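The values are calculated or read from the model by the stated rules, or taken from the named source; none is laboratory data. Since this is a predicted model, take the numbers as computed values, not measurements. Cβ sites come from the backbone with ideal geometry, for glycine too, and all protein chains shown count toward neighbours. We work out accessible area using only protein heavy atoms, side chains counted, and drop any ligands, DNA or RNA first. Shrake-Rupley method; radii C 1.70, N 1.55, O 1.52, S 1.80 Å.
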Amino acid sequence: MTTPQPPAFPPPPEGSDSLQDAAWIEVIRKMEEVYSDLIRHEVDLERKNAALEDAQQFITSVVSSVSDVLIVCDNKGHVQQVNKALVDLTGLPESALIDRPVAALFAEDTGLPRRFCDRMGEAEGVSDVEVRLRTASGISDPVAINCSTRIDARGRPAGLVLIGRPVGELRRAYQALNAAHADLKQAQQQLVQSEKMASLGRLVAGVAHELNNPISFVYGNVHSMARYRDRIVTYLAAVHDNVDIEERERLRKELRIDRLLGDLGPLIDGTLEGAVRVSDIVKNLRRLSFSSQGEPERLDLSGVVSTAAHWAAKGRVRGAPVTCDLPPDLWIMGHAGQLHQVVVNLVENALDAVADRDNPSVRVAAGRDADGGAWVAVEDTGPGIPEDHILKVFDPFFTTKTVGQGTGLGLWISYGIIRDHGGALAVESLPPPGGARFRFTLPASAGV
Ligand SMILES: Nc1ncnc2c1ncn2[C@@H]1O[C@H](COP(=O)(O)OP(=O)(O)OP(=O)(O)O)[C@@H](O)[C@H]1O
Ligand SMILES: [Mg+2]
């Protein structure tokens, strides 16, 4: 800014007296005062002008960087201002949009501009109306328009502000999201399926391994007995032929008949044991197919638990006392047969665990969780579960029991049943004096 020079004042006229001089001096002083005021005002004006330009610049940059479409109309519905997003969307220059009736921007005669104008001054305006705009090459994707009234400095309606968001993009993103979701669901189902196949594979491998052992010693024993039979047949033939006693004794020694007879007992016992083991494994495998078909039914869990605990306890000749602490009604949705089987497994395990203990006891309890789900717990006063077994007890064929006592499938099957019911089965060892607590939860279901 260049500071303007003050004007040159005329010198006082020749021969004026001192009074006139004083008047002139006063005039000049006043003029200088006025002039400096003028300068101050001009500086002030220029500062305000610069601030105004900055504000204008700021508003223009904000409007042009808004990604939504912006249309400003006067109160007759003529376009006064648009932003870059509209220019980009329509492909039309600003000059082709400004001053036109806003209706001319829409591709279809939706009657919307009239509705917009009718709503002028209404507090709620118009929101999320889908329209298509005319573009240089035809018609745009749908745009969701929101319209509100623009108020002037005196608080009167001065026109409309329309803000539009292209929804084509959003719709495409939504469709892509839906497709991704469907893909994910399919992948998840495949995973579940392959997990099922994998666990079936593990089961089959386990069954093969478990069966292999008893079958191989049954096979070995039968093989030995077949050889013994030949020797017995030879010896008996001699006996039936009434050979003399010396010959018979010779044969008896040669064929090692006494040793053979001594071996027969353990061979038969071992073979029987193997057969029992095979039959146990098969019996337990058959539990796997225990009615898992059909829809879950509404059932009283307390009733199921009580019957199951009773059955398990009745199966023992000198079993420990089993006490039940169950609420009168515990309605849930589920498969009664399967849940019965889980409780029988847990109570049988608990009874096994306390079999050799002083003060043996088993306690069964159930209740409802704060979230509406149900829980069942089976506690015993047995030795508890050693730290290094805690993670293994749910594995198929993990057992610490002797042949004929257990196959190690009970907890594995129970775990699967509870998981299929949407619940969870967990175990913990109790603090001294010790024992184990198995607890399962079932989710709250609608309509129970
Ligand atoms: N209440 C318990 N206290 C201590 N150990 C337990 C208890 N319940 C289960 N276990 C341990 O977990 C193992 C596996 O139990 P699981 O019920 O799966 O098989 P099992 O009882 O051995 O045989 P099955 O149930 O197939 O006849 C048991 O052998 C035992 O070692
Ligand atoms: Mg068991």
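Within the range 294-388, which strands (runs of 3 or more DSSP E) (wholly inside it) include 2 or more residues that are open to solvent by 70 Å² or more (accessible area, probe 1.4 Å)? Show your work before the answer.
Values: elements: 297-300, 322-325, 331-334, 362-368, 374-380.
Result: 297-300, 322-325, 362-368.
When you scan the range 422-439, how many residues do you find that are open to solvent by 30 Å² or more (accessible area, probe 1.4 Å) and not aliphatic (A, V, I, L, M)?
Of the residues in the range 422-439, 8 are open to solvent by 30 Å² or more (accessible area, probe 1.4 Å) and not aliphatic (A, V, I, L, M).
Has the range 393-415 got any residue that is open to solvent by 60 Å² or more (accessible area, probe 1.4 Å) and assigned to a strand (DSSP E or B)?
Among the residues of the range 393-415, not one is open to solvent by 60 Å² or more (accessible area, probe 1.4 Å) and assigned to a strand (DSSP E or B), which makes the answer no.
Just checking, does the range 431-440 include any residue being modelled with pLDDT of 95 or more and within 13 Å of ligand 2 (Cβ to nearest atom)?
The answer is yes; a qualifying residue exists.
Restricting to the range 368-412, give me the number of residues that are within 31 Å of the chain's Cα centre (by Cα), within 13 Å of ligand 2 (Cβ to nearest atom) and acidic (Asp, Glu).
Number satisfying all stated conditions: 1.
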